[in-house]
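One structure is given below, encoded as structure tokens.
Every number in this text was worked out from the coordinates using simple rules, so none of it is lab data. Predicted model only: the values in this text are computed from it and were never measured. Glycine also receives a Cβ, built like all others from the backbone with ideal geometry; neighbour counts cover every protein chain displayed.
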Amino acid sequence: MSKLGRNDLLGIGFTSQRRRDQLLDRLQAEGVRHPEVLRVMRNMPRHLFVDEAMANRAYEDCALPIGFGQTISQPFIVARMTEAIIGGVNEVRPKKVLEIGTGSGYQAAILSMLVEQVYSIERIEPLYQRSSALLKKLQLDNVEILHGDGTLGWPDKAPYDAIIVTAAPEDVPDALYEQLAEGGRIIVPLGKAGSVQRLTIIRKTEDGLEPQELELVSFVPFLSGRN
């Protein structure tokens, strides 16, 4: 059971609930509509997922550095990808989601409040250690993190109802398609580093893969291996 309502986690001043409410207003103005996504992002203490020196910027709608050449994604992009993962009112919500690129743990934390189980892979060991400790502190017990190579997926836990990729590959690794359940979907920013990337939802159907572009984005490159 999460303890997100604890007073010692809520923040004050630049990290207060008032700042989260202001962020929510911006997300709604930018087109985020799903009420559950908005509710979770309103309650999630994003300042805990960034370096303490950056906490005063935690509720700005921008990406922030988290070290090791990585970033915590812009809240709007997190909300947009989360909406795409859980689907609309007429779609079956995924129960088991795989995330490639844990980073700070923020996206995994958001998803954990909306789906039954989140599996997440992080290739950079210090980020893996940091995010694991934070998610444990928040008592988000339905998130499991692996220090590993995201290009390989996590076959022991497959199949997944949905997969979210938080770094940009030029093409989706075959292993991820293989681990996706039929009827499932992958949310991924496709494109070369430093060039235009397209946030894309790819559905796996009986007839094959059906891609749909959502919008232009900018993500760190998708890398193989682990550090």
For Glu170 and Leu38 in the same chain, what is the full-extension length gain: residue separation times 0.36 nm, less their Cα-Cα distance, in nm?
44.5 nm
Highest-first arrangement of 97-109, 56-68, 27-39, where packing means the average Cβ count within 10 Å
97-109, 56-68, 27-39
Mind counting lysine pairs for me in the chain? Cα separation below 18 Å, and the two need to be 8 or more apart along the chain or on different chains.
6
Computed curve, the stretch 116-203, Cα-only Debye sum without solvent term, log₁₀ I(q)/I(0) at 0.17 Å⁻¹, is -0.78
Theoretical gain in end-to-end length, Tyr177 to Thr205 [0.36 nm per residue, Cα-Cα removed]
9.0 nm
In nanometres, what is the gap between the two model label sites at Gln22 and Ala133, each 7 Å from Cα along Cα-to-Cβ?
3.0
Exposure proxy check on Thr205, Thr166: fewest-to-most Cβ neighbours within 10 Å is Thr205, Thr166
Give me the distance in nm between label points sitting 7 Å out from Cα along the Cα-to-Cβ direction at Leu216 and Glu91, one decimal.
2.4
Among 171-183, 79-91, 152-164, 112-124, the order from most to least packed when residues are scored by Cβ within 10 Å on average:
112-124, 152-164, 79-91, 171-183
Measuring from the longest principal axis of the C-alpha atoms of the chain, the long axis of helix 17-29 (C-alpha) lies at a number of degrees, nearest 10, equal to 40
Can you tell me the dipole magnitude for the chain around its Cα centre, using point charges on the Cβ only (Lys, Arg +1; Asp, Glu -1), in Debye to the nearest 20?
900
Given Cα pairs under 8 Å that are at least 6 residues apart, what percent is the relative contact order of the chain?
15
